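The block underneath contains the structure these notes are about, expressed in structure tokens.
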Amino acid sequence: MNTQVTSSQWLAALVLGLLPGFALAHEGASLPYGSFLAGLTHPVLGVDHFLAMVSVGIVSAQIGGRAIWTVPATFVGVMAFGGLLGWLDVGLTAIEAGIAISVLALGLAIAADKRLPISLAMTAVGFFAIFHGYAHGAEMPSVANPVTYALGFMSGTAALHVAGVIIGDISQHYSTGKLMLRVSGAAIAAFGAYFLAGAAA
């Protein structure tokens, strides 16, 4: 039995051994600052996600009281579950439509300037959070650390909620601010309708 290894066999083994490393390095280029920052920027850089997250904060500020923290906390918590579903690719459909409807509905709620029941607001944002979370999880880069990436998009979402709460709270103290908030809500709803039309096309 010939046990000698030729130089061509050594070369072939070396190339095959290095290919996974080259592939990983290439994919890793999509995460230049790591999994956490990749997750952090996902809800911030997507216009539909951005508008929905800020709107959740504004709506919670319009309701006031404990809704200021319970409504955003519900969104972040359920969104984490949605992210897990997206990462597992369970086959949830109409994701873009669900996200678009969330922007439309939250924009209309802001424009209406009504004190929604906390239970209704929590139920609605929890429902919307499934779609947003699923999108985050499904679009996670394959080389990202799932836990770190999830912590990133949860942190980014929470920060946008806080920004929305601040905007909503400050606006409540001025008549002009309330008017501008309602106009902004109508504009957000218009964006939601545009996104929905795109998702349905």
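Testing Y33 on (1) without any contact (Cβ under 8 Å) to a residue 60 or more places away in the chain; (2) surrounded by 21 or more Cβ atoms within 10 Å (Cβ to Cβ); (3) more than 28 Å from L120 (Cα to Cα), one condition comes back false. Which one is that?
Condition (2) is where Y33 drops out.
Has the range 179-186 got any residue that is of a type in the set (V, I, T), crowded, with 22+ Cβ neighbours inside 10 Å and in a helix (DSSP H, G or I)? Reasoning before the result, please.
Kept after step one, since they are of a type in the set (V, I, T), are these residues of the range 179-186: 183.
Remaining after also requiring crowded, with 22+ Cβ neighbours inside 10 Å: none.
Checked against the condition, which is being of a type in the set (V, I, T), crowded, with 22+ Cβ neighbours inside 10 Å and in a helix (DSSP H, G or I), the range 179-186 yields no hits at all.
Have a look at P117, P141 and point out the one that is surrounded by fewer than 17 Cβ atoms within 10 Å (Cβ to Cβ) and touching a residue at least 24 places away in the same chain (Cβ under 8 Å).
P141
The conditions are (1) exposed (fewer than 15 other Cβ atoms within 10 Å of the Cβ); (2) at pLDDT below 95; (3) more than 18 Å from A112 (Cβ to Cβ); (4) of a type outside the set (F, W, Y), and G77 fails exactly one of them. Which is it?
Condition not satisfied by G77: (2).
The values are calculated or read from the model by the stated rules, or taken from the named source; none is laboratory data. Quantities reported herein were computed from a predicted structural model and do not represent experimental measurements. When we count neighbours, we look across all protein chains shown, and the Cβ atoms used for this are built from the backbone with ideal geometry, even at glycine.
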